[in-house]
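Structure, as structure tokens:
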Amino acid sequence: MALGLAVTAAALVAAGPGGEDGARGHPATASVREHRAVRTVSAPVRIADAATVRLLRPGDRVDVIAAEESALGGDARVVARGARVTKVPEPLDGATEGGAAEGGALVVLSVPRSTAARLAGASATARLAVTLC
């Protein structure tokens, strides 16, 4: 189910408003197009190592790395560079330290829309890690 939600989220982010005229009800102007190009969104990301997330604070800059898991060791790639941490949510009530470590921990990043789509796609197939910039 989580995989389906991640893929759907990535598809919706990538699709955006379509058509030649852009979104309905809004005139297409150069200033709107320029603003859309640099707009950032909040992207909740589950990082595999919960202890690493506890080191983060709002305002920190991180690179997000996706590590593919396979029998042969896997491949790692950077999916977001210099993303700004906007929030580090507290673990849910009743979550044990061991349970949090197994399921990772959530962090909210401010990233361009295209990067949010890459993060959503990568989280469906790989374990995500962060490095402080």
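The values are calculated or read from the model by the stated rules, or taken from the named source; none is laboratory data. Worth saying up front: this structure is predicted, and the values here are computed from it rather than measured. Cβ atoms come from the backbone with ideal geometry, glycine included; neighbour counts cover every protein chain shown.
A few points about this structure:
- Cβ-Cβ under 9 Å pairs, at least 6 apart or on other chains, segment 102-117 side touching a residue at least 60 places away in the same chain (Cβ under 8 Å) and under 8 Å from residue 45 (Cα atoms), far side part of a helix (DSSP H, G or I) and of a type in the set (A, V, I, L, M, F, W, C): 106/53; 107/53; 109/116; 109/119
- Scanning segment 42-66 for residues that are hydrophobic (A, V, I, L, M, F, W, C) and surrounded by 16 or more Cβ atoms within 10 Å (Cβ to Cβ) turns up 43, 45, 47, 48, 50, 53, 56, 62, 64, 65, 66.
- In segment 57-86, the residue that is modelled with the lowest pLDDT out of those that are farther than 14 Å from residue 121 by Cα and charged (D, E, K, R) is 69.
- Candidate set from segment 111-133 (those that are part of a strand (DSSP E or B) and more than 16 Å from residue 52 (Cβ to Cβ)); member that is farthest from the chain's Cα centre (by Cα): 112
- Verdict on residue 37 being small (Gly, Ala, Ser) and modelled with pLDDT of 95 or more: no
- Set side by side, the residues 48, 30, 15 differ, and just one is out of contact with any Ser or Thr (no Cβ under 8 Å at 6 or more places or on another chain), modelled with pLDDT of 55 or more, of a type in the set (A, V, I, L, M) and over 21 Å from residue 126 (Cα atoms), which is 15.
- The residue that is modelled with the lowest pLDDT, among those in segment 87-101 that are within 26 Å of residue 41 (Cα to Cα) and exposed (fewer than 13 other Cβ atoms within 10 Å of the Cβ), is 92.
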